[in-house]
Amino acid sequence: MSEQPLALTVAQGLQAEQDLLAAVCRGDAEAGVLFWRPTDQALVMPRRLSRQDNFEVACAELAIAGWPVLLRETGGEPVPQSHATVNVALVYVAPRSEGDHGRIENAYERLCQPLCEVLREWGGVASLGEIDGAFCDGRYNVNLNGRKLVGTAQRWRQGLGGKRPVVLVHGALLLDNQRESMVAAVNRFNQCCGIDQHCRADSHIALHEVAPAVPWFERLSAAYAEVIAGLPQD
């Protein structure tokens, strides 16, 4: 693991996540974690949204506004990515001992619980759950003081020659306050495509608004190293 998150364009970061997933699927490693922080900005969304009416018009408008649209392999809704965000990608082979039942929830727990524990160490009120007005809202948001801090998603593939399921579970953490312009980009896309969803900046929070000097990378790196070390060996 590097001493700092990788500095990558959004497109490079998305590809790096897919490369890590492919490596674990091949059997090059049983698990891995990737931290990356964008050097540019984009509005990233699942491929299914490219079938929306007026998608091309929305892409053109957002590109002019400085938020080019990129497509990702995981699900969810549009998510702004910029230097204000930090991405965590955890990849591992699903343990046989856990079976198939609950493996989606287990993956989210392995991503979200370390984040919650670290936030509580720093004096925050951490929780999981939906937040009204948040973009890409979901029941596995990681929330800080009642507002969304981290959005999560996951993707599964069959690895090791089709013998074992492998998961990429991803979190996008808002480190610095860019809430207003991020929400404006999401709302503009939704408006262009006729999606009846309006997000609010005050539904989100940036870590540095609450804890500006915490050693976030060092602590989170250690937390996810413990997750990987604790995966069942079977």
Practice task
Would you mind finding the one in Ala185, Ala206, Ala172 that is touching a Ser or Thr at 6+ places or on another chain (Cβ under 6 Å), in contact (Cβ under 8 Å) with a residue 60 or more places away in the chain and buried (at least 18 other Cβ atoms within 10 Å of the Cβ)?
Solution key: Ala172
Problem - region 31-73 - residue that is β-branched (Val, Ile, Thr) and over 29 Å from Ala107 (Cβ atoms) and, of those, surrounded by the fewest Cβ atoms within 10 Å (Cβ to Cβ) - result: Ile64
Problem - Lone unmet requirement of (1) farther than 22 Å from Leu62 by Cβ; (2) surrounded by fewer than 15 Cβ atoms within 10 Å (Cβ to Cβ); (3) at pLDDT 95 or above for Leu149 - result: (2)
Problem - 1 or more residues closer than 22 Å to Ala22 by Cα: qualifying strands (runs of 3 or more DSSP E) within region 138-234 - result: 147-159, 164-174
Problem - First in region 123-151 and without any contact (Cβ under 8 Å) to a residue 60 or more places away in the chain and closer than 13 Å to Glu77 by Cβ, second anywhere and of a type in the set (Ser, Thr, Tyr) and not in a loop (DSSP other than H, G, I, E, B), Cβ under 9 Å, 6 or more apart - result: Asn141/Ser127; Asn141/Thr152; Lys148/Ser203
Exercise for the section: Pull up region 38-71, narrow it to residues that are among the polar types (S, T, N, Q) and at pLDDT 95 or above, then point me to the one that is nearest to the chain's Cα centre (by Cα). Expected result: Gln41
Handout entry: Members of region 76-100 that are surrounded by fewer than 19 Cβ atoms within 10 Å (Cβ to Cβ) and either in contact with a His (Cβ under 8 Å, 6 or more places away or on another chain) or at pLDDT below 95 (or both)
Key = Pro95, Arg96, Ser97, Glu98, Gly99, Asp100
Fill in the blank from the handout: Here the residues within region 1-30 that are assigned to a strand (DSSP E or B) and surrounded by fewer than 18 Cβ atoms within 10 Å (Cβ to Cβ) are Leu6, Ala7
Completion exercise
When (1) part of a loop (DSSP other than H, G, I, E, B); (2) in contact with an Asp or Glu (Cβ under 9 Å, 6 or more places away or on another chain); (3) of a type outside the set (Phe, Trp, Tyr); (4) within 28 Å of Gly161 (Cβ to Cβ) are applied to Glu77, the one that fails is (4)
Exercise for the section: Just give me the residues in region 56-72 being free of Cβ contacts under 8 Å to residues at least 12 places away in the same chain, closer than 19 Å to Pro46 by Cβ and either in a strand (DSSP E or B) or not small (Gly, Ala, Ser) (or both), in sequence order. Expected result: Glu56, Cys59
Problem - Cross-chain or 6+ apart pairs with Cβ under 9 Å, region 29-44 first and under 15 Å from Leu174 (Cβ atoms), then assigned to a strand (DSSP E or B) and modelled with pLDDT under 95 - result: Val44/Leu71; Val44/Arg72
Problem - Any chance Arg103 is closer than 29 Å to Arg219 by Cα, in contact (Cβ under 8 Å) with a residue 24 or more places away in the chain and surrounded by fewer than 18 Cβ atoms within 10 Å (Cβ to Cβ) - result: yes
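The values are calculated or read from the model by the stated rules, or taken from the named source; none is laboratory data. In this text, all values refer to a predicted model and were calculated from it rather than measured experimentally. Positions of Cβ are backbone-derived with ideal geometry, glycine not excepted, and every protein chain shown enters the neighbour counts.
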